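*Asks:* Handing you this structure, nothing more for now.
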């Protein structure tokens, strides 16, 4: 069996990539470990921004149907757990991932150039003459093994990153990521007695360093309540239950479902390409490093990847260099924004609960600034906002470092290099990350 592109993972990134490539008349095979009925059964990642809905329509020609929308969000409450909060105006949607992925898969199956293998596990890549030529898979039901040839292989398998982890060690793609850059997540869907309309993202720096909690309303008095903690904590369910007991609205709630997993919690990989293997979505750490609930970054990654895959396949020249524009376009669009959020994550990790509550109470960081955070942070946005900060010299120094590091990271990603300049850029980035970690985490 030969294809133009094999995509591993029927995630939203994988399915959108398939749709784009099908529009370019490429032959696409999608493989997933789960059955089609279980697609979307993954922890967290069920919020999509209004601008991304528009982007999906413009970039992929797909309208998101109303049936997949479970709740409209107009305001997000950022708060210290059991403390002060600020309201952020942000138009988002809570989506039912099972419905959304079923809808996208159904549309793809109508295309003659598309095939889907469900319940298949990836065994590894086949390399010949310094190029990957095929993928080995096994049917989970029958045990039958297949070798499938293709020109390009896409890893859209999420945090498991099955293709990324199977490629040889190389100078472009990180096979593994550090424990601190992964978060263990536990989430429950609860049936409440009364409607709960507030979308809440909460932090508790003294108890869950670098982590956060969320309450996301769904339809019919359902809410998703979850916690994400970096590193590899073994007692996450105990931590979760300790917080759950302290929320009055959850007192008589009924558990409808629960899930746990490990998700990336960092800036994107330095490169998403090795030879003819392309990495997207969670496998490429295309996530918000501060808050795990959003799926927007992976959708952007799917577009930039698919666009450049289609160009390379049509030209019949497929390698790291010919696919490099995917790296450049994503990094210059999203990379800097993601790196800023990672700097803020590390900044939050350095705070005490008292300092975090003070920032919210005094509105040191105003809502208007948070709403446009991806554009960078200016000192005057913070220091001219509250004279109260002058009473906290230690906090002032932390803010100065945050501003400087955030803007340095933004600049680095705006200057993402061409293929030849990658190693020099990678070294500059690594030096900057070391400074941030030593400043906030040591």
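*Asks:* Starting from the Cα gyration tensor of the stretch 171-221, multiply each eigenvalue by 5, take the square root, and state the resulting semi-axes largest first in whole Å.
*Replies:* Working through the eigenvalues yields semi-axes of 32, 15, 9 Å.
*Asks:* Looking at the chain as a GNM with Cα springs under 10 Å, which of 324, 425, 214 has the largest mean-square fluctuation?
*Replies:* 425
*Asks:* Something else now. Averaged over every viewing direction, what's the projected area of the C-alpha convex hull for the stretch 229-281? Give it in nm², one decimal, please.
*Replies:* Mean orientational projected area (the stretch 229-281, Cα hull): 6.1 nm².
*Asks:* Please report Rg (one decimal) and Dmax (integer) in Å for the Cα set of the stretch 180-264.
*Replies:* 12.6, 37
*Asks:* Based solely on its DSSP helices, what 222 nm [θ] is calculated for the chain when runs of n ≥ 4 H residues each add -39,500 (n - 2.57) and the sum is averaged over all residues, nearest 500 deg cm²/dmol?
*Replies:* Calculated from helices alone, the mean residue ellipticity at 222 nm is -10500 deg cm²/dmol.
*Asks:* If each residue's Cβ is checked for other Cβ atoms within 10 Å, how do 126, 5, 43 rank with the fewest at the top?
*Replies:* Listing 126, 5, 43 from fewest to most nearby Cβ atoms yields 126, 43, 5.
*Asks:* Looking at the chain as a GNM with Cα springs under 10 Å, which of 327, 404, 270 has the largest mean-square fluctuation?
*Replies:* Residue with maximal mean-square fluctuation among 327, 404, 270: 404.
*Asks:* Right, next: Can you tell which of 155, 220, 204 shows the greatest fluctuation in a Gaussian network model of the chain with Cα springs below 10 Å?
*Replies:* Comparing 155, 220, 204 in the GNM, the peak value goes to 220.
*Asks:* Turning to a different aspect of this structure: Label the stretch 23-78 by shape, choosing from rounded, prolate and oblate, from the square roots a ≥ b ≥ c of the eigenvalues of the Cα gyration tensor; if a/c is under 1.5 it is rounded, and otherwise prolate applies when a/b is larger than b/c, oblate when it is not.
*Replies:* In terms of gyration-tensor shape, oblate.
*Asks:* Next question, about the same structure. Just to be sure I understand: if I project the alpha-carbon convex hull of the stretch 42-138 onto a plane and average over all orientations, what area do I get in nm²?
*Replies:* For the Cα atoms of the stretch 42-138, the hull's average projected area reads 10.7 nm².
*Asks:* Whole angstrom only: what separates the Cα centroid of the stretch 135-152 from the Cα centroid of the stretch 248-307?
*Replies:* Here the answer is 26 Å between Cα centres.
*Asks:* For residue 36 and residue 89 in the same chain, what is the full-extension length gain: residue separation times 0.36 nm, less their Cα-Cα distance, in nm?
*Replies:* Contour length minus Cα-Cα distance gives 15.5 nm.
*Asks:* Bin by bin, in steps of 20 Å, what percent of the Cα pairs in the chain do you find, going until the bin that has the longest distance?
*Replies:* P(r) over the chain, rounded to whole percents: 25, 57, 17, 0.
*Asks:* Using a/c under 1.5 as the rounded threshold, could you call the stretch 403-442 rounded, prolate or oblate? The axes a ≥ b ≥ c are square roots of the C-alpha gyration tensor eigenvalues, and prolate needs a/b larger than b/c, oblate otherwise.
*Replies:* Verdict is oblate for the stretch 403-442.
Quick note: the coordinates plus some simple rules give every number you see, no bench work behind them. Keep in mind that what you see is a predicted model, and the values were worked out from it rather than measured. No Cβ is skipped: glycine too gets one built from the backbone with ideal geometry, and neighbour counts run over all protein chains shown.
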